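Input: a single structure, listed below in C-alpha cells.
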Amino acid sequence: MTELHRFSRTELLIGSEGLEKLRKSTVAVFGLGGVGGHAAEALCRAGVGRLVLVDFDDVCLTNINRQILALSDTVGKAKALLMAERMRRINPDAEVVPCKDFYSAESSGYLLSESYDYVLDAIDNITSKLHLIGSCHGRGIPIVSSMGAAAKLDPTKIKVADIAETHKCRMARIVRKLLKRKGIVRGVKVVFSTEERLESASTDTRCRDGCECPNSKDADFSCRHRKVTLGSVSFIPAIFGFTMAGVAVNDLLAPPSPGVAHHPLP
C-alpha cells in the first residue's frame, strides 16, 4: 500500500505523473490581496513545487474582511513574507520566493527574469497589469488575469474567458481597450464577473485620518491616493482567486501544445 502523504487526495485525482508535473512547475503570483492570496494558497495546496510571490504591500486593518493573510495580529506586516511563511508551513518541500516589491516597467527586469510555467495576475494597478500581461503575452508565458472583483455579490456571475470575450465588466473593458493599442486582441485568459457593479451604500468611501493602513501616510500607492474605494465582501475575491488557481493547474496538467516555448526577459 502506498504511504500516505500531504498530497495523497490530489494524487487520487490526477495521478502520480500529474502530481510530479505540478511539483516541477514554477508559478508566479503578482498581487497577494483578496484574489491573489487565495490563488497562491490554492496553488501551494495543489502541490506546485516552486512559487514566486510578488506584492509590495503590508496588511491593512480593512483587509480583514476578505484577505486570507489578514488577521488582527498581522496588520502592518508584509504580505509577501506572510504568504511565504504560510506556504512553508503547508508544504515544507516547496521552494517559495517572496518579493516585497511593486511590479512596474522598472522592476519587471528582475521580477520576470526567469522562465515561469505560469503567471497569475492579481494586480489592482491598471498600468502595472497591462505591462505584466503584455510582457507575458509577448514571451509566450501562460497567464491568467483577474478583472474587477470589488463591488460584486453574486458568485454565479463569475466567468472564465479570453479577454476578447469579456462583457459587462468595467475593468475588462478598460484592459481590453488598452491591450488593443498594444496589438493584443485575444490570447489572454481572464476571470471576470458579468454582474453589474454595485453602488456603494455609503458616500464616505475615503479612508479617515485614523486609518491603520501602514502605507496611509506617504506611500505613492496608499489608500489615500485612490480616487474611490470600492466595497468588497469575503467570498467574491476568494472565488476569483480559486478560479485562477484552477485555470493554472488545469493548464499545467494539460499536454503541452506543439511549438510553444516560454522565454524569459533578456
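What follows draws every value from the coordinates through simple rules; no lab data is involved. Small disclaimer: the values here were computed from a predicted structure and weren't measured. So basically every Cβ, Gly included, is an ideal-geometry build from the backbone, and we count neighbours across all protein chains shown.
Restricting the count to DSSP beta bridges whose residues both fall in the chain, what percent are antiparallel, rounded to a multiple of 5? Within the chain, antiparallel bridges account for around 25 percent of the total.
Cross-link partners for Lys159 among the lysines, with Cα-Cα distance under 18 Å and sequence neighbours closer than 8 places in the same chain left out: Lys168, Lys189.
Against the empirical 2.2 N^0.38 Å (N residues), the stretch 16-122 has a Cα radius of gyration ratio of 1.04.
Karplus-based coupling profile of the stretch 185-192, in residue order and whole Hz: 9, 8, x, 10, 6, 9, 9, 8, with θ = phi - 60° in 6.51 cos²θ - 1.76 cosθ + 1.60 and x standing for Gly or Pro.
Of the three principal axes defined by the Cα atoms of the stretch 96-190, the extents in descending order read 37, 29, 22 Å.
Secondary-structure-derived ellipticity at 222 nm for the chain, considering helices only, amounts to -10500 deg cm²/dmol, per-run term -39500 (n - 2.57) for DSSP H runs with n ≥ 4.
Taking θ as phi - 60° and the Karplus parameters 6.51, -1.76 and 1.60, the scalar couplings of the stretch 75-80 work out to 4, x, 9, 5, 4, 4 Hz in sequence order, x denoting glycine and proline.
First obtain the Kirkwood hydrodynamic radius of the stretch 1-54 from its Cα pairs, then insert it into the Stokes-Einstein equation at 20 °C and 1.002 mPa s, and state the resulting D in µm² per second as a whole number. My calculation gives 181 µm²/s for D.
Site pair Lys24 and Asn125 shows an inter-label distance of 3.6 nm when each label is modelled 7 Å from Cα along Cα→Cβ.
Rounded to whole numbers, the Karplus 3J(HN,Hα) couplings from phi for the stretch 177-184 are 5, 6, 5, 4, 5, 8, x, 9 Hz, using 6.51 cos²θ - 1.76 cosθ + 1.60 with θ = phi - 60°, and x at Gly and Pro.
Globularity index of the chain is 0.99 (Cα radius of gyration / 2.2 N^0.38 Å, N = number of residues). Tell me which lysines have Cα within less than 16 Å of Lys182's Cα, excluding those fewer than 8 residues away on the same chain? Excluding near neighbours in sequence, the set is Lys129.
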